[in-house]
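I'd like to ask some things about the structure below.
The values are calculated or read from the model by the stated rules, or taken from the named source; none is laboratory data. Please read these numbers as outputs of a predicted model, since none were measured by experiment. All Cβ positions, even for glycine, are placed from backbone atoms using ideal geometry, and neighbour counts span all protein chains on display. Protein only, heavy atoms only, side chains kept; ligands, DNA and RNA dropped before computing areas. Shrake-Rupley method; radii C 1.70, N 1.55, O 1.52, S 1.80 Å.
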Amino acid sequence: MGMIVSAFNQPPAILFIAAISGGFTLLYALPVFSKNRNLRALPGLKIYVIGLVVSIVTVLMPLVLYEELLERDILIEFLQRFLMVIALVIPFEIRDLKFDLIQLNTIPQKIGVARSKILGYILVSLVVSAEFLKQEILPENLVSLIGVGIITLLFLKGSQIKQGEYYASFWVEAIPVMWLFLQIGFTGVM
């Protein structure tokens, strides 16, 4: 009920972006392509759909809400978020190797666990490096990004097929929350 009431107070552009993101999410979860096929089951797409939806909701939607212009720093932020989400999904894909069908063509299935970790290290390095391409570099954002980058690298390093029950499902999923706390700690603003 609250979502419906809230929807009436949103600009049409927000509702449009929410509908697109929601559509991707439904296509990811529900079997719409055939009897048992959804976006998650399409070879090689799973990780990119997740990255795209998270980036749209966390970068583009706030832009539209605050009527900001799409400028270079925003495009860099979108790319950073997309790459970071892909890096954060790698531990899940490594864990799920024993369950995923070979037809999914996940990154660890294609290139192996060790190379997947290396890819994750490269992605995190690109995310942090891209911060220096922005026109306005805020020290508190840089420090929190470096902090979450180090945390992500450590969790990528520790990822394995046989991991503890809470390794990915709690600790890796908590990294964005840790990032929020780092950001609040350095800026004092939520």
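Name the residue, out of Phe186, Phe155, that is open to solvent by 90 Å² or more (accessible area, probe 1.4 Å) and either of a type in the set (Phe, Trp, Tyr) or touching a strand residue (DSSP E or B) at 6+ places or on another chain (Cβ under 9 Å) (or both).
Numbers: Phe155 fails: open to solvent by 90 Å² or more (accessible area, probe 1.4 Å).
Result: Phe186 is the single residue among Phe186, Phe155 that is open to solvent by 90 Å² or more (accessible area, probe 1.4 Å) and either of a type in the set (Phe, Trp, Tyr) or touching a strand residue (DSSP E or B) at 6+ places or on another chain (Cβ under 9 Å) (or both).
For residues in region 158-178 being modelled with pLDDT under 90 and part of a helix (DSSP H, G or I), which is surrounded by the most Cβ atoms within 10 Å (Cβ to Cβ)?
Top of the filtered list is Ala168.
Which of the residues belonging to region 24-60 are part of a helix (DSSP H, G or I), among the small types (Gly, Ala, Ser) and modelled with pLDDT under 85? Walk me through it before giving the result.
Step one: filter region 24-60 for residues part of a helix (DSSP H, G or I), giving 24-29, 39-41, 46-60.
Still in the running and among the small types (Gly, Ala, Ser): 29, 41, 51, 55.
Across region 24-60, the qualifying residues are Ala29, Ala41.
Can you pull out the residues in region 1-26 that are over 17 Å from Pro62 (Cβ atoms) and of a type in the set (Ser, Thr, Tyr)?
Thr25
Sort out which residues of region 4-14 are touching a residue at least 12 places away in the same chain (Cβ under 8 Å) and part of a helix (DSSP H, G or I), and write them in order of number.
Within region 4-14, Ala13, Ile14 qualify.
Step by step: first the residues of region 15-68, then only those that are more than 15 Å from the chain's Cα centre (by Cα), in contact (Cβ under 8 Å) with a residue 12 or more places away in the chain and over 20 Å from Val89 (Cα atoms), then the one that is surrounded by the fewest Cβ atoms within 10 Å (Cβ to Cβ). Which residue is that?
Filtering first and then ranking leaves Leu65.
Pairs needed: first member in region 106-131, under 15 Å from Leu145 (Cβ atoms); second member anywhere, among the polar types (S, T, N, Q) and open to solvent by 30 Å² or more (accessible area, probe 1.4 Å); C-beta distance under 9 Å; at least 6 residues apart or different chains.
Listed by first residue and then by second, the contacts come to Glu131/Asn141.
Restricting to region 114-138, and then to whatever is farther than 16 Å from Met84 by Cβ and at pLDDT below 95, can you tell me which residue is surrounded by the fewest Cβ atoms within 10 Å (Cβ to Cβ)?
Filtering region 114-138 for residues that are farther than 16 Å from Met84 by Cβ and at pLDDT below 95, the one surrounded by the fewest Cβ atoms within 10 Å (Cβ to Cβ) comes out as Glu136.
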